[in-house]
Amino acid sequence: MAEIAMDALDKAILTALLADGRQSQVELAERVPLSPTAIGRRIRALEQSGVISGYEAKVNRKALGFTMMVVVQISLESQNQDLLVAFEQAAAAAPSVVSCYMMSGQDDYLITVLARDLADFERIHKEQLSRLPGVSRLHSSFVLREVTSRSLPGSSLLR
């Protein structure tokens, strides 16, 4: 996808939405020197161009009992295109997988999993991860503490 050209007002709107995605157009107009109507038009244009791809709530996983985050490095038996497609579809469908990245280097994929506790992760490992197509090796690392997590740093829009 080609980079979308944005002016300073678009960047200001995006920066404000990254800080608080629930702001109304009126609240945004207090931060960005445009009318609420003009803000609404720009937001729709950013959505239509694909810059804004959706909205979601940031949920406190620990409040829901997911006290463990595990990063799993996965190597596959081969790089066969059919196997890669099958693996990616299965990983995307696995209920405990919250992210999956195809990697360069030693491992083929990096997956993040949420679990309630060690016994829950053991179940996920047996029932979901080890059953993914073509897996030859799984290496799990337990996250001790999350330092930061964001979709995009607002400062990246300043350039």
For a quick protection proxy, order the peptides 45-55, 26-36 by their average other-Cβ count within 10 Å, most packed first. 26-36, 45-55
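Counting every Cα pair in region 1-52, what percent are over 14 Å apart?
So the pairs more than 14 Å apart make up 47 percent of the total in region 1-52.
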Counting alpha carbon pairs within less than 8 Å and at least 6 residues apart, what relative contact order, in whole percent, applies to region 1-95? 18 percent
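Explain nothing, just the number: relative contact order of region 88-147, from Cα pairs under 8 Å at least 6 residues apart, as a whole percent.
Values: 38 pairs, mean separation 14.7, N = 60.
Relative contact order here is 24 percent.
How much area per residue is accessible in region 57-159 when the probe is 1.4 Å and only protein heavy atoms are counted (Å²)?
Values: 6790 Å² over 103 residues.
So region 57-159 comes to 66 Å² accessible per residue, rounded to a whole number.
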With a 10 Å radius around each residue's Cβ, average the other Cβ atoms per peptide and rank 113-119, 58-64, 75-81, 92-98, highest first. 113-119, 92-98, 75-81, 58-64
Using 0.36 nm times the number of residues separating residue 138 and residue 150, minus their current alpha carbon distance, what extension gain do you get? 1.7 nm
Give the distance, in whole Å, between the Cα centre of region 1-50 and the Cα centre of region 79-103. 33 Å
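If each DSSP helix of 4+ residues adds -39,500 (n - 2.57) and the sum is divided by the residues in the chain, what number results at 222 nm, nearest 500 deg cm²/dmol? Before the final figure, lay out each step's value.
On the way: 5 runs with 52 residues, N = 159.
It lands at -9500 deg cm²/dmol.
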Heavy-atom accessible area ranking, 1.4 Å probe, most first, across 14, 152, 110: 152, 110, 14
Any idea how far apart residue 75 and residue 122 come out in nm if each label point goes 7 Å out from Cα toward Cβ? 2.6 nm
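Pop out the carbon and sulfur fraction of the accessible area of region 1-66 as a percent, whole number, probe 1.4 Å.
Values: 2490 of 4650 Å².
On region 1-66, the fraction of accessible area on carbon and sulfur atoms equals 53 percent.
Rounded to the nearest percent, how much of the accessible area of region 101-159 (1.4 Å probe, protein heavy atoms only) is carbon and sulfur? Mind showing how you got there, number by number?
Details: 2180 of 4160 Å².
Looking at region 101-159 in its full context, I get 52 percent from C and S.
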Note on region 63-116: contact order normalised by length, alpha-carbon pairs under 8 Å, 6 or more apart, percent, works out to 53 percent
re the chain: pairs of Cα atoms spaced beyond 26 Å account for a percent value of 47 percent
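The values are calculated or read from the model by the stated rules, or taken from the named source; none is laboratory data. This structure is a prediction, so every number in the text was calculated from the model and none was measured. Please note: Cβ atoms are built from the backbone with ideal geometry, for glycine as well, and neighbour counts cover all protein chains shown. SASA here: full protein model, heavy atoms, side chains in, ligands and nucleic acids out. Shrake-Rupley method; radii C 1.70, N 1.55, O 1.52, S 1.80 Å.
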